[in-house]
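Derivation of every value follows stated rules applied to the coordinates shown; laboratory data play no part. These figures come from a predicted structure and were not determined experimentally. As a convention, Cβ positions derive from the backbone with ideal geometry for all residues, glycine included, and neighbour counts pool all protein chains shown.
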Amino acid sequence: MSVRVFLVDDHALFRAGVRAELDNITDEVEVVGEAGGVGEAVAGIAHHKPDVVLLDVHMPDGGGAEVLRQIRTKIPEVTFLALSVSDAAEDVINVIRAGARGYVTKTISSQELVKAVVRVSEGDAVFSPRLAGFVLDAFADRPGAAPISDPELDLLTPRERDVLRLLARGYAYKEIASELFISVKTVETHVSSVLRKTQLSNRYELSRWATDRRLV
Amino acid sequence: MRRRRTGRVVAGVASGLADHLGAPVFWVRAVFAGLAALSGVGIVAYALLWMFVPQSTVAEPETDKDRKEWQQAVGLAALGLGVAVFTGLIGGAASGWITGPIAVALVGAAVVWREADEAQRRRWKDGALGQGKTGIVRTVAGGALVLAGVAAFLVANDSVQNLSTVVLSVLATLIGVAVLTVPLWMRLVRDLDAERRARIRTEERAEIAAHLHDSVLQTLALIQKQSESPREVKRLARSQERELRSWLYGREVGEQPATMSVAIAQTCAEVEDQFAIAVSQVVVGDCELEDGMFALIQASKEAMVNAAKHAGVGEVSVYAEIEPDKVTVFVRDRGKGFDPDTVPEDRHGLAGSIRGRMDRHGGQVRLRTAPGEGTEVQLEMPRKTEART
């Protein structure tokens, strides 16, 4: 059974391009609908109940994070994959914190995009090297940083850090697994727990860092 | 807040204030009249607002209501002035000989100022600068009134006390001239301000236009010309994207980099441009550029160049992590790879430019490669100064 995908992007041309590419190259995913704005997206997602929403980060009226806020409580079973041209760390971290299962840049190849969609639909987290860099940066231990309130959530374990580093270096999960002598399943577990920490951490560094830094 | 141009009695201050506060204009005028009775506070307030509040640029159409209010307002103004003069007389301290001339001078000033407003209005309406005959008549009349008031004041004071008459008359003349030229000064200041703002706006627009013309339009033209070569189109698009991003986010192109992350970004950009490949870079942390870092950046550049030349792929990824005690850079491609043992002796790239450079500055190089498996060069450089923050 194919993965049902819903496209949200304020550029009609971009939506048309993604739709054509996805329809052409694979049967694994099927585009069931699209929307060009926050309100339209919320209504469309509620109506179509897709498996995965490809979500643009930058849109008028609050952008991807706003869509997430309105949908996540209503229909928690829909997963979101952020797809953005944005390079600004705060945009990316914001939609991840709002509940997206991953983030890829718009320059991604169509094959890669299909893989990423299938992966998030299976419950895995998708980190591009750049996102891995952002998260590493946000969780970095800096001298003089604020005291950590919840070490369970506010620190990455050394293993998670290793995995993130390799992700940032552009390694695929399989390569990370063989590099660290662990199974691909374990890599996925680590990545998922990093995602969970990014979303739940109350580390005030995370938001402060993201707003301090206009770009990376 | 703006002074109204229609429905005004003296200068549109009261109606403008009423619009601003959302209160009925009648009450605003009543308050001014009431304050005028308190030793002229209302008059002073009115004059100050007249000076500092600019006139509205649009004229609202006149209504019947305005005409009714006009009569009301004249009545209120007369009442206020009457009470002010009356209380002044009763108070006795200010005798008619002093308040009389000052009042005459003030009326003269009001006439001149009002004429200045009229002139401004005409200028907006017809774009004409000339004052017109009636304008000149009114200005001269107002000026004469002010002068008469000042003269009367001097004469009156001269008879009371003939001490330092000269100083007093010079002072009075200066004040008279200042009062007469207030509209002129105000207009000058306001015009200057408006002109400066307009100039800044046009300059900004011109700069954006010039920038887009020099960069984006040129690149688009180049892309159209070279559309049969996808590689070249890609290269142009990437370098233009990079340039536009850095311009949008306020980083100057060609500026001497001050921090490690900027320096790495620039180096990646240079390699991209030179070899028409994509270099995706991720930098974690940042630090100032110190001695060893230049060597590290040069070595990374050499590694990227090697990948671009020999790996036979279109993409190289660079990952740099800056930690408190060391900086690590990974340059990686998924290309051909090679067997390090079979590299001919005469190839210096890796040995000299990378290993030698890193060794001299106390750094380390590790190499992971095998034929068919891509290449990764790992460069590590210890930091001399500990991070402060």
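Anything over 25 Å Cα to Cα? Flag those among A:115/A:174; A:106/B:336; B:234/B:336; A:49/A:174, in the order listed. It would help to have the intermediate numbers written out before the result.
Details: A:115/A:174 14 Å; A:106/B:336 27 Å; B:234/B:336 22 Å; A:49/A:174 32 Å.
Over 25 Å Cα-Cα: A:106/B:336; A:49/A:174.
Using the 10 angstrom Cβ neighbour count as an exposure proxy, how do A:106, A:49 rank, fewest first? Let's see the in-between values first.
Details: A:106 16, A:49 12.
The fewest-first ordering by Cβ neighbours comes to A:49, A:106.
From other protein chains only, count the Cβ atoms within 10 Å of every residue's Cβ in A:163-172, then give the mean. Walk me through the numbers before you get to the answer.
Values: counts 0, 1, 6, 2, 2, 8, 12, 13, 5, 1.
Neighbouring Cβ atoms belonging to other protein chains average 5 per residue here.
Going through the stretch A:63-100, which trypsin sites (Lys or Arg not before Pro) have at most 14 other Cβ atoms within 10 Å and a DSSP loop state? Present the calculation step by step, with values, prior to reporting the outcome.
Values: sites: A:69, A:72, A:74, A:97; in loops: A:74.
The qualifying sites are A:74.
Is there a simple number for the mean count of other chain Cβ atoms within 10 Å of the Cβ of residues in A:129-137, and what is it?
Numbers: counts 6, 4, 1, 3, 8, 2, 1, 5, 7.
The shielding value for this peptide is 4.
According to the square roots a ≥ b ≥ c of the eigenvalues of the Cα gyration tensor, what is the shape class of the stretch A:3-122, taking rounded for a/c under 1.5, prolate for a/b larger than b/c otherwise, and oblate for the remainder? Display every interim value, and only then the final one.
Values: a/c = 1.37, a/b = 1.19, b/c = 1.15.
The shape class here is rounded.
In which sequence would B:317, A:110 go, from the one with the fewest C-beta neighbours within 10 Å to the one with the most?
So the ranking, lowest neighbour count to highest, is A:110, B:317.
Of all chymotrypsin sites (Phe, Trp or Tyr not before Pro) in the stretch B:174-274, which ones are in loop regions per DSSP and have a Cβ with at most 14 other Cβ atoms within 10 Å?
On the way: sites: B:185, B:247, B:249; in loops: B:249.
Passing both the DSSP loop test and the Cβ count: B:249.
Return the loop-located GluC sites (Glu not before Pro) in the stretch B:280-389 (DSSP other than H, G, I, E, B) with at most 16 other Cβ atoms within 10 Å of their own Cβ; answer none if there are none. Each step should come with its number before you reach the end.
Numbers: sites: B:288, B:290, B:302, B:315, B:321, B:345, B:373, B:376, B:380, B:386; in loops: B:290, B:345, B:373, B:386.
Here the GluC sites (Glu not before Pro) that fit, given the DSSP loop and packing criteria, are B:290, B:345, B:373, B:386.
Would you mind giving the mean number of other chain beta-carbons within 10 Å of the Cβ of each residue in B:237-246, as a whole number?
On the way: counts 0, 1, 0, 0, 2, 0, 0, 0, 3, 1.
That average works out to 1.
Please find the FRET efficiency linking residue B:224 to residue A:19, where r is the Cβ-Cβ separation and R0 is fixed at 22 Å, and quote it to the nearest 0.05. Walk me through the intermediate numbers first.
Details: r = 27 Å, r/R0 = 1.21.
Efficiency for this residue pair is about 0.25.
Could you put B:294, A:127 in order, starting from the residue whose Cβ has the fewest other Cβ atoms within 10 Å?
Numbers: B:294 13, A:127 25.
Neighbour counts put them in this order, fewest first: B:294, A:127.
Order the peptides A:158-165, A:11-18 from the highest to the lowest mean number of other Cβ atoms within 10 Å of their residues.
Details: A:158-165: 18.8, A:11-18: 14.1.
By packing density, highest mean first, the sequence is A:158-165, A:11-18.
Would you compute, from DSSP H runs of 4+ residues alone, the mean residue ellipticity of chain A at 222 nm, taking -39500 (n - 2.57) per run and dividing by the full residue count, rounded to the nearest 500? Display every interim value, and only then the final one.
Details: 11 runs with 115 residues, N = 216.
Estimated from H runs of four or more residues: -16000 deg cm²/dmol.
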